Amino acid sequence: MTSTPLADLWPTLPGADARPEAAYRLLQAAVESFAERGFHATTTRDIATAAGMSPAALYIHYQSKAALLAEISQAGHTATLALVRDAAAGPGGPAERMRRLVEQFTAWHARARTVGRVVNYELHALPEDAYAVVATLRLDIEREVSALIEEGAAAGEFQVAEVRTAARAVTSLGIDVSRWYTGNSTEVPEELGRRYGELVLRMLGARV
């Protein structure tokens, strides 16, 4: 599996610059293991071995595999929220910004598919406190998309019956890409993003 390098995600988290290289190796190994086996079927030995370390070495950097999942989930959602906010606040009218948001959101979930698979489909394995943090980030993402849909509806660019349902449909389309996209997919992430962008505008009743 391939994905966006984890180092591209971690600058969004406090203290990332001070993190040793060994911690990044463990994070990368955890992402690959969780995506392939699932959180519950992955052992700390699996992660440490994939990172080229002993199981004991893992505990120098992380208290448990749950701590690894929590950091991966927070970083992935933080990066996604930043992407959505930048697109929603960019130039152009609501339809243009929605197209750009969907294009980038979809392409991100194709390129960073292993991270996306873990943060979206292993969510309920998080400890309660970590889940609360990630749930807030997910709600913030939904609010950004909802606000853009509301703006488009007020401007007469979108025709939607229920904004929250529409927002969840928009994000669900992009998220699901991380589940099925592979290196053998015929469309590159950017082309898939363009196609999804047009589909979403049609779904929202915009002229395309």
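Projecting each Cα onto the charge dipole of the range 55-208 (Lys/Arg +1, Asp/Glu -1 at the beta carbon, about the Cα centre), which of ALA206, LEU139, ALA167 comes out farthest on the positive side?
The one lying farthest along the dipole's positive direction is ALA206.
About its Cα centre, how strong a charge dipole does the range 49-134 have in debye, to the nearest 20, once Lys and Arg get +1 and Asp and Glu get -1 at the Cβ?
Using Cβ point charges on Lys, Arg, Asp and Glu, the range 49-134 gives about 320 debye.
Against the longest alpha carbon principal axis of the chain, how many degrees, from 0 to 90 and to the nearest 10, is the axis of helix 189-203 turned?
40
Across the range 37-45, in residue order, what do the Karplus-derived ³J(HN,Hα) couplings come to in whole Hz, using 6.51 cos²θ - 1.76 cosθ + 1.60 with θ = phi - 60° and x for Gly and Pro?
Those phi angles translate into 9, x, 4, 5, 8, 8, 9, 5, 5 Hz.
With a 1.4 Å probe and all protein chains left in place, how much of the accessible area of the chain comes from carbon and sulfur atoms, in whole percent?
Values: 5160 of 10000 Å².
About 52 percent, which is the carbon plus sulfur part of the accessible surface.
Taking a probe of 1.4 Å, how large is the accessible area per residue of the chain, in Å²? Present the calculation step by step, with values, prior to reporting the outcome.
On the way: 10000 Å² over 208 residues.
Per-residue accessible area for the chain comes out at 48 Å².
I'd like to compare 190-197, 40-47, 106-113: which one has the highest average count of other Cβ atoms within 10 Å, and what's the full order after that? Spell out each step's value before the answer.
Numbers: 190-197: 19.0, 40-47: 16.2, 106-113: 24.9.
My ranking of the peptides, most packed first, is 106-113, 190-197, 40-47.
Averaging sequence separations of C-alpha pairs under 8 Å and six or more residues apart, then dividing by the length of the chain, give the relative contact order as a whole percent. Write out the running numbers ahead of the final one.
Details: 256 pairs, mean separation 54.6, N = 208.
Worked out over the chain, it gives 26 percent.
Efficiency by 1/(1 + (r/R0)^6): what FRET value for ILE60 and ARG179, r their Cβ-Cβ distance, R0 = 45 Å, to the nearest 0.05? Kindly include the intermediate steps, with their values, before the conclusion.
Details: r = 33 Å, r/R0 = 0.74.
Rounded to the nearest 0.05, the efficiency is 0.85.
Residues of the range 66-85 with the amide nitrogen closer than 13 Å to a label point 7 Å from the Cα of ARG37, along Cα-to-Cβ, please.
66
To the nearest 20 debye, what is the magnitude of the charge dipole of the chain about its Cα centre, counting +1 on the Cβ of each Lys and Arg and -1 on the Cβ of each Asp and Glu? The partial results should precede the final answer.
Values: 21 positive and 25 negative charges, 59 e Å.
Here the chain has a charge dipole of around 280 debye.
Tell me, what HN-Hα J-couplings in whole Hz come from the Karplus equation 6.51 cos²θ - 1.76 cosθ + 1.60 at θ = phi - 60° for each residue of the range 124-131, using x for Gly and Pro?
Rounded to whole hertz, the list is 7, 8, 5, x, 4, 5, 5, 4.
The values are calculated or read from the model by the stated rules, or taken from the named source; none is laboratory data. On a predicted model such as this, the values are computed, not experimentally measured, just so you know. For neighbour counting, all protein chains shown are included, and Cβ atoms are generated from backbone atoms with ideal geometry for every residue, glycine included. Note: areas computed on protein heavy atoms with side chains; ligands, DNA, RNA excluded. Shrake-Rupley method; radii C 1.70, N 1.55, O 1.52, S 1.80 Å.
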